[in-house]
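J.: Below is one structure. I have some questions about it.
The values are calculated or read from the model by the stated rules, or taken from the named source; none is laboratory data. Only a predicted model underlies this, so the values are computations on that prediction, with no experimental measurement involved. Here Cβ is always computed from backbone atoms with ideal geometry, including for glycine, and neighbour counts include all displayed protein chains. Side chains included, ligands, DNA and RNA excluded: accessible areas come from the protein's heavy atoms. Shrake-Rupley method; radii C 1.70, N 1.55, O 1.52, S 1.80 Å.
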Amino acid sequence: MEIKELTSEEFWSMFEQHRKDVFADTLYFNARDVRTAQELACFDKLKAGMNPRYELHLAMYDEEKLIGWSSSFQVSVAELYMMNSAIMPEYRRQGYYTTLMNKVIEKAKEKGFQQITSQHLASNNAVIIPKLTSGFQIVGTEVSDQYGVFVKLAYYLNETRRDMYYFRTGAIHPSEEMLKILAKSKSE
């Protein structure tokens, strides 16, 4: 098994080739298809204003056969968004998704991101459970007109921020370090 980092062009070409294989049962519409000419022109300008941004496109292979992929991009100075990941049907439930996810976490740490976020259909337990098991946390929900009900997950790469999340959600008592941080922010 090999994980390769792809360029954006390589990733999108591979994605279009295999999209129907991995998302055959997904009912969605492409929002680009309903944009007006003016909205399309504005979209291109808005997108151009975001460049350059860090992107991470990974593809996993068994010899020459595609196992799956993961595509992420930077949404802020601190956040890497895992936009799309998929495992080919014959390779599912064998740990490949977790391997790809761990590679994304490793790369995000190397780059200095504070958190990794992702959104998943609320019923997508095949992805949500491995992410929760690996340390991602549920941070919200959203209803999308394109896809339906999403669960938003976040992985905090910074240990203090992870602890602060647990404190804020009532899972732990504040540590001495957290109390000092909170007291400092109150006095500023």
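J.: Restricting attention to region 93-106, does a residue exist that is open to solvent by 40 Å² or more (accessible area, probe 1.4 Å), aromatic (Phe, Trp, Tyr) and outside any strand (DSSP E or B)?
T.: Scanning region 93-106, I find at least one residue that is open to solvent by 40 Å² or more (accessible area, probe 1.4 Å), aromatic (Phe, Trp, Tyr) and outside any strand (DSSP E or B), so the answer is yes.
J.: Could I ask something else about it? Consider Gln119 carefully, then state whether it is open to solvent by 20 Å² or more (accessible area, probe 1.4 Å) and touching a helix residue (DSSP H, G or I) at 6+ places or on another chain (Cβ under 7 Å).
T.: Spelling it out, it is not the case that Gln119 is open to solvent by 20 Å² or more (accessible area, probe 1.4 Å) and touching a helix residue (DSSP H, G or I) at 6+ places or on another chain (Cβ under 7 Å).
J.: Filter region 124-135 down to the residues that are modelled with pLDDT under 95 and closer than 9 Å to Val151 by Cβ and list them by number.
T.: Within region 124-135, just Asn124 meets the criteria.
J.: If Ile129 meets every condition in (1) of a type in the set (A, V, I, L, M, F, W, C); (2) in a helix (DSSP H, G or I); (3) open to solvent by less than 30 Å² (accessible area, probe 1.4 Å) apart from one, which number is that one?
T.: The single condition Ile129 does not satisfy is (3).
J.: Select from region 68-82 the residues that are open to solvent by 40 Å² or more (accessible area, probe 1.4 Å) and polar (S, T, N, Q) and write down the one among them that is nearest to Phe23 (Cα to Cα).
T.: Residue satisfying both the conditions and the ranking: Gln74.
J.: Restricting region 123-177 to residues that are of a type in the set (Phe, Trp, Tyr) and under 27 Å from Arg93 (Cα atoms), which is farthest from the chain's Cα centre (by Cα)?
T.: Tyr147
J.: I've got another one for you. Starting from residues that are assigned to a strand (DSSP E or B) and closer than 26 Å to Lys103 by Cβ, keep the ones in region 143-188 and report whichever is most open to solvent (accessible area, probe 1.4 Å).
T.: The extreme case among them is Lys152.
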